[in-house]
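Data block below; observations after.
The values are calculated or read from the model by the stated rules, or taken from the named source; none is laboratory data. Bear in mind the structure is a predicted one, so any value in this text is a computation, not a measurement. Here Cβ is always computed from backbone atoms with ideal geometry, including for glycine, and neighbour counts include all displayed protein chains.
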Amino acid sequence: MGQVERVREELSAPVSLDYLKRKAELGWRPVAIIWERDIGRAEGLAPIMDLDVPYGLKVSTDCSHLEENGEERKVLMLTMELIVQDHPLSRIADELNQQGHRTRAGFLWNPSSVFELLPRLIEAGPRIFTSEDWIERRKRLMLLV
């Protein structure tokens, strides 16, 4: 494979079609686009991106506390159930994908992304194991044994 030259340009104006044509004529091709925009910020509150929100939780609508994220909670419950059944991380990732779940970034699950959930599962485990949902799942799991 030949050498590749990459150049990062800071833009001071919106990109025009003419600009893109000129670059293409010179042999350049775009390989990534990074978009940014200004967001409003409530007085005295950190922007949401500055927070490290644990998986399974989300910032409340009033931005003053964390609340349960229902979709992510389903992922945690299913992952915990499959771990209890002693399935490998690859099988857990496959099951999450088959059920239509995606990572926070919108990607398919893989063994590495499931592995990254393990510390959160350890942290959330006591709440998961005492929940009504888990008690029902446990009854089903006991029938499988």
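Points worth noting:
- The criterion of at least 3 residues that are modelled with pLDDT under 80 is met, among helices (runs of 4 or more DSSP H) falling completely within region 79-145, by 132-144.
- Which listed residue, of GLU95, GLU67, is more than 15 Å from the chain's Cα centre (by Cα) and either within 26 Å of LYS139 (Cβ to Cβ) or basic (Lys, Arg) (or both): GLU95
- All of (1) touching a residue at least 12 places away in the same chain (Cβ under 8 Å); (2) more than 25 Å from ARG140 (Cα to Cα) hold for GLY106 with one exception: (1).
- Failed item in (1) loosely packed, with under 14 Cβ neighbours inside 10 Å; (2) closer than 20 Å to ARG138 by Cα; (3) of a type in the set (D, E, K, R), with LYS74 passing the rest: (1)
- Taking the criterion of being free of Cβ contacts under 8 Å to residues at least 60 places away in the same chain and in contact with a Pro (Cβ under 9 Å, 6 or more places away or on another chain), the only residue of region 109-138 that qualifies is PRO111.
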